[in-house]
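Before any comments, here is the structure.
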């Protein structure tokens, strides 16, 4: 039955980002701990710099502007003013150009390290909307300098990085937010409250799915080398990640399908779609993870996959513990090297058994949370949810609101309210989203080691008995990018 809570009413890609200079990071870059005085207390119009101005970066910057921030700086490896008239007509470059035009008075940089040095205490906050492999450095440098940070999902490229960002946020007392925007929606927060109150009984398992990837994945080697455009500094695009020759099929969009730069469909979408059930059950770190998949290579994530995490029991789960299932991709698809695209031979995408939806049609993404007394079917884009209960809900006492609601269900306004002192933290702050990201990224490691059950020791941050996989937990950086905590 379709249920509305009687106590409530409902109302892609980070394509370009900060150029990094070829010189080594200055000794103070990651050890500078001064918190500017104007970043403390209740600000009325905090200053913000957008690191990454195209695609999702443009969206993030615009929404922060609308929430009340003053945009004082922009950082991007793509310099719109160096583009020819022909290049300015390329669809995927338009958002970079439009952002520069929208904020003509914002100081432009191609190196976010230079931005931190030159703007200094004129900056209260930064928005990190880069490809995954730059999230950690841009965010860590900001927090070490006392900047509040809004960082796009999946927070970082690797587990160790997510752990460090969580610790830095706590150490420096800054206000943080991961960019899984639906976390701010009232209906998600109400479902979390209901599950914790026992509306479906102790939770046994959750199933989440997406039709992505819709970008190329499953290729075995890089495309042929091309000339680097005059408006792009490719050396700095690569940044801390392993080097590869430039090709337009890597950037500005298809980097998601590269293990070295992106985290595939799982990293892209799980922090959105897995969010509600993970938040509701609060399972902590998983004990094991296992992936099954088709089409993955040493270079690129799979065309489709299924991942299972298993967690120990807690107050919200079955006594036998909690299982979390993830499904992604199209079942009959292949990578075509000539066109550098993912070709679908049918529209059938990977998802759980149809019986779990009790006759409802599968949408392109969604989640099902199954308890001992029923199930809750949820989609982050819809204000209504579906509750299927064996015993009905006549005797269920609807819980009071326990999670604060974001102003206008807007994650940017929630972050603004945290920075200006109206609330303590946005709900998707790094203390919550960091451990969640670790779980998602453990699944990414499982995808690189399919058909193996990996045992996870969260305290030691290692996969038990697999020292060879340490490099996937904490990657090595290129010369000049060593982190100094």
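Just a few scattered comments:
- In the range 395-412, the condition of being more than 30 Å from residue 220 (Cβ to Cβ), touching a strand residue (DSSP E or B) at 6+ places or on another chain (Cβ under 9 Å) and part of a strand (DSSP E or B) is met by no residue.
- Residue ranges of strands (runs of 3 or more DSSP E) in the range 276-377 with at least 3 members under 22 Å from residue 261 (Cα atoms) and in contact with a strand residue (DSSP E or B) (Cβ under 7 Å, 6 or more places away or on another chain): 288-294, 304-311, 322-329, 333-336
- Residue list for the range 360-372, restricted to those being crowded, with 17+ Cβ neighbours inside 10 Å and either on the phi > 0 side of the Ramachandran plot or out of contact with any helix residue (DSSP H, G or I) (no Cβ under 6 Å at 6 or more places or on another chain) (or both): 366, 370, 371
- Residue in the range 118-125 that is at pLDDT below 95, over 14 Å from residue 238 (Cα atoms), out of contact with any helix residue (DSSP H, G or I) (no Cβ under 7 Å at 6 or more places or on another chain) and outside any strand (DSSP E or B) present: yes
- In this entry, residue 385 passes the filter for residues that are under 26 Å from the mean Cα position of the chain (by Cα), over 30 Å from residue 225 (Cβ atoms), surrounded by 19 or more Cβ atoms within 10 Å (Cβ to Cβ) and at pLDDT below 95.
- The test for being in contact with a strand residue (DSSP E or B) (Cβ under 6 Å, 6 or more places away or on another chain), assigned to a loop (DSSP other than H, G, I, E, B) and crowded, with 23+ Cβ neighbours inside 10 Å does not hold for residue 252.
- Single match in 68, 52 (criterion: at positive phi and in contact with a strand residue (DSSP E or B) (Cβ under 8 Å, 6 or more places away or on another chain)): 52
- For the criterion of being assigned to a helix (DSSP H, G or I), farther than 26 Å from residue 269 by Cβ, at pLDDT 95 or above and over 19 Å from the mean Cα position of the chain (by Cα), residue 424 fails.
- Residues that are under 22 Å from the mean Cα position of the chain (by Cα) and crowded, with 19+ Cβ neighbours inside 10 Å, drawn from the range 288-301: 289, 291, 293, 296, 300, 301
- Selection from the range 98-113 of residues that are farther than 15 Å from residue 147 by Cα and outside any loop (DSSP other than H, G, I, E, B): 98, 99, 100, 101, 102, 107, 108, 109
- Any chance residue 479 is out of contact with any helix residue (DSSP H, G or I) (no Cβ under 9 Å at 6 or more places or on another chain) and at pLDDT below 95: yes
- Residue 240 crowded, with 19+ Cβ neighbours inside 10 Å and on the phi < 0 side of the Ramachandran plot: yes
- From the list 212, 196, the lone residue that is farther than 27 Å from residue 80 by Cβ, in contact with a helix residue (DSSP H, G or I) (Cβ under 8 Å, 6 or more places away or on another chain), modelled with pLDDT of 95 or more and assigned to a loop (DSSP other than H, G, I, E, B) is 212.
- Number of residues in the range 321-359 that are at positive phi and surrounded by 13 or more Cβ atoms within 10 Å (Cβ to Cβ) equals 3.
- Only one of the listed residues (251, 265, 296, 241) is closer than 30 Å to residue 79 by Cα and modelled with pLDDT under 95. That residue is 251.
- Only one of 162, 197, 138, 182 that is under 30 Å from residue 424 (Cα atoms) and in contact with a strand residue (DSSP E or B) (Cβ under 9 Å, 6 or more places away or on another chain): 138
- Unique match (being out of contact with any helix residue (DSSP H, G or I) (no Cβ under 7 Å at 6 or more places or on another chain), over 19 Å from residue 356 (Cα atoms) and buried (at least 19 other Cβ atoms within 10 Å of the Cβ)) among 304, 314: 304
The values are calculated or read from the model by the stated rules, or taken from the named source; none is laboratory data. Keep in mind that this is a model prediction, so the values were computed, not measured. Glycine also receives a Cβ, built like all others from the backbone with ideal geometry; neighbour counts cover every protein chain displayed.
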